[in-house]
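The values are calculated or read from the model by the stated rules, or taken from the named source; none is laboratory data. As the structure is a prediction and not an experimental result, all values here were calculated from the model. Cβ coordinates were reconstructed from backbone atoms using ideal geometry, including for glycine residues, and neighbour counts include every protein chain displayed.
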Amino acid sequence: MKGIFIGNFYHCMPSKIPDDDGKRAIINYYCFGPIEVVIYGITSTNEYYFDYTYPELWGDAELEHEYNIITKEKMLKLIDEEIELCERNGGANIAEALRNERKLIEK
């Protein structure tokens, strides 16, 4: 299983390979109506980031994009929250993958 639905959001496994920009998603979840994409990940320069895409207005086809660098401590806290959420909702495989990500970050 690659992911699970929790409410309207599809929570995915952490990415194993970076995208074309060298960013790798660690926590990522999507909503398909209205479209929303939330990604927390790591850049090619080992910075942690928050990437959020959402509609400008309800029912609007125009998408807004928010991107911020976050701290290592914030990333670890978010991973812990996502582990707990996934465990409560049948996503033990995602929780385990996130525990492994946490270990890599703590090194």
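Scanning region 49-86 for residues that are hydroxyl-bearing (S, T, Y) and either under 22 Å from F32 (Cα atoms) or surrounded by 12 or more Cβ atoms within 10 Å (Cβ to Cβ) (or both) returns Y49, Y52, T53, Y54, Y67. Scanning region 1-48 for residues that are among the hydroxyl-bearing types (S, T, Y) and crowded, with 18+ Cβ neighbours inside 10 Å returns Y29, Y40, Y48. The residue that is farthest from F50 (Cα to Cα), among those in region 70-107 that are of a type in the set (S, T, N, Q) and not in a loop (DSSP other than H, G, I, E, B), is N93.
Applying a threshold of 7 Å to beta carbon distances and a minimum spacing of six or more residues, or different chains, the list of pairs starting in region 41-58 at a residue that is under 17 Å from E101 (Cα atoms) and ending at one that is small (G, A, S) and surrounded by 11 or more Cβ atoms within 10 Å (Cβ to Cβ) reads G41/A25; Y49/G41. In this structure, N89 qualifies as surrounded by fewer than 16 Cβ atoms within 10 Å (Cβ to Cβ), in contact with a strand residue (DSSP E or B) (Cβ under 6 Å, 6 or more places away or on another chain), of a type in the set (S, T, N, Q) and in contact (Cβ under 8 Å) with a residue 40 or more places away in the chain. Filtering region 47-65 to residues that are of a type outside the set (F, W, Y) and modelled with pLDDT under 95 leaves T53, P55, E56, L57, G59, D60, A61, E62, L63, E64, H65.
Of the residues making up region 59-98, those that are within 21 Å of I4 (Cα to Cα) and acidic (D, E) are D80, E81, E82, E84, E87, E96. Based on this model, can you work out whether Y54 counts as under 23 Å from L85 (Cα atoms) and part of a strand (DSSP E or B)? Yes, satisfied.
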